[in-house]
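Since the structure comes first, as structure tokens, the remarks are kept for the end.
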């Protein structure tokens, strides 16, 4: 199948959006007229050194001492709990206008609810990538993804992109389902905390995102079993994701060598103190200290438990100008790729601040 290259005047030849096929120039014309063409994914050849540890000061801590830590919601016109244990939907609050104190409160609210969906956020979305970076930096050090596309000149903005001819997502095509629960880049030494995501373009139907509460998933298990899980650590690996790109998929780029780190199976949130299950099918590979069969059996059980936990899950239906924030420390999520036959574009941007190294729920559990 032939490929056509779309390249802006300011892009180096190494940073291009490649389309699988285009026979009459219509694809190029559509992209040129696309409102968010300046945010299309590029794949630069830039190489980055390994990430270094840093001290993370969670802004939610500051909100704990506020006399009304939910005052940033005072002007909301509608607040709806998506489920009892996970997710809140908010109308009437302009995220673009939130100051530092309100952002601290937001961090605490997202930590407590796991997931907060804000509707009618065109001003936020249209503020552009310089604003996105400033926004995300309030919540932590911005993560640069090792393999994903990003807007030209803004490597801190992680993009997902799929249209009639192209896909630049980390997708497993030989599976009977597109549901793959994960916590973003959990293989990093200091994985993300509060994360912001929005769609710039979306299919007319489909393309929803599923979320699950890893706090509630843990609480479903028996106390004796949870006590055992707290003694365990698991390896989270970025190798498969890197190899996926090295095979020529996504954008064919690996900007930073993949890493593996061990994290506690049960982690503690630094602000709320809540304990959450911390394994995911996409990046967790093995449990340390267990024999292979034991590790595989236990991980299969936990993955199955997460997959089937419909009573602790929430589904976000994307409408135009929606911004979603979640806490990667206490939730997992999965995209739903059910819109492929429509040939419609789905173009999303993620702002991904890193947080602390996962804190073991079991005090004294040593991490290498």
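Numbers at a glance
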read-out: For residue 231: the one exception among (1) more than 30 Å from residue 345 (Cβ to Cβ); (2) out of contact with any helix residue (DSSP H, G or I) (no Cβ under 9 Å at 6 or more places or on another chain); (3) crowded, with 17+ Cβ neighbours inside 10 Å; value: (3)
read-out: Yes/no for residue 195 being crowded, with 21+ Cβ neighbours inside 10 Å, within 19 Å of residue 181 (Cα to Cα) and touching a helix residue (DSSP H, G or I) at 6+ places or on another chain (Cβ under 7 Å); value: no
read-out: Residue selected from the stretch 106-127 under the condition part of a loop (DSSP other than H, G, I, E, B) and in contact (Cβ under 8 Å) with a residue 60 or more places away in the chain, by the criterion surrounded by the most Cβ atoms within 10 Å (Cβ to Cβ); value: 114
read-out: Strands (runs of 3 or more DSSP E) wholly inside the stretch 186-244 containing at least 3 residues that are more than 27 Å from residue 316 (Cα to Cα); value: 233-237
read-out: Count - residues of the stretch 206-220 that are over 17 Å from the mean Cα position of the chain (by Cα) and either modelled with pLDDT under 95 or within 26 Å of residue 260 (Cβ to Cβ) (or both); value: 4
read-out: Residues of the stretch 309-341 satisfying the condition of being surrounded by fewer than 20 Cβ atoms within 10 Å (Cβ to Cβ), farther than 19 Å from residue 278 by Cα and in contact with a helix residue (DSSP H, G or I) (Cβ under 7 Å, 6 or more places away or on another chain); value: 321
read-out: Qualifying residue in the stretch 56-69 (condition: loosely packed, with under 15 Cβ neighbours inside 10 Å and not in a loop (DSSP other than H, G, I, E, B)); value: yes
read-out: Residues of the stretch 80-99 that turn out to be touching a helix residue (DSSP H, G or I) at 6+ places or on another chain (Cβ under 7 Å) and farther than 22 Å from residue 333 by Cα, as a count; value: 5
read-out: In the stretch 70-105, the residues that are assigned to a loop (DSSP other than H, G, I, E, B), surrounded by 13 or more Cβ atoms within 10 Å (Cβ to Cβ) and either in contact with a strand residue (DSSP E or B) (Cβ under 8 Å, 6 or more places away or on another chain) or at pLDDT below 95 (or both); value: 76, 82, 83, 85, 86, 87, 92, 93
read-out: Residue list for the stretch 128-141, restricted to those being part of a helix (DSSP H, G or I) and either touching a strand residue (DSSP E or B) at 6+ places or on another chain (Cβ under 9 Å) or farther than 23 Å from residue 76 by Cβ (or both); value: 129, 130, 132, 133, 134, 135, 136, 137
read-out: Elements of type strands (runs of 3 or more DSSP E) contained in the stretch 255-343, each with 3 or more residues being closer than 29 Å to residue 243 by Cβ, at pLDDT below 95 and out of contact with any strand residue (DSSP E or B) (no Cβ under 6 Å at 6 or more places or on another chain); value: none
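Conditions tested, residue by residue: (1) closer than 28 Å to residue 204 by Cα; (2) under 15 Å from the mean Cα position of the chain (by Cα); (3) modelled with pLDDT under 95.
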| position | (1), (2), (3) |
| --- | --- |
| 107 | no, no, no |
| 111 | no, yes, no |
| 124 | yes, no, no |
| 127 | yes, no, no |
| 135 | no, no, no |
| 140 | no, yes, no |
| 148 | yes, yes, yes |
| 157 | yes, yes, no |
| 160 | yes, yes, yes |
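The values are calculated or read from the model by the stated rules, or taken from the named source; none is laboratory data. Note that the structure is predicted; figures quoted are calculated from it, not measured. A quick note on method: Cβ atoms are made from the backbone with ideal geometry, for glycine too, and the neighbour counts reach across all protein chains shown.
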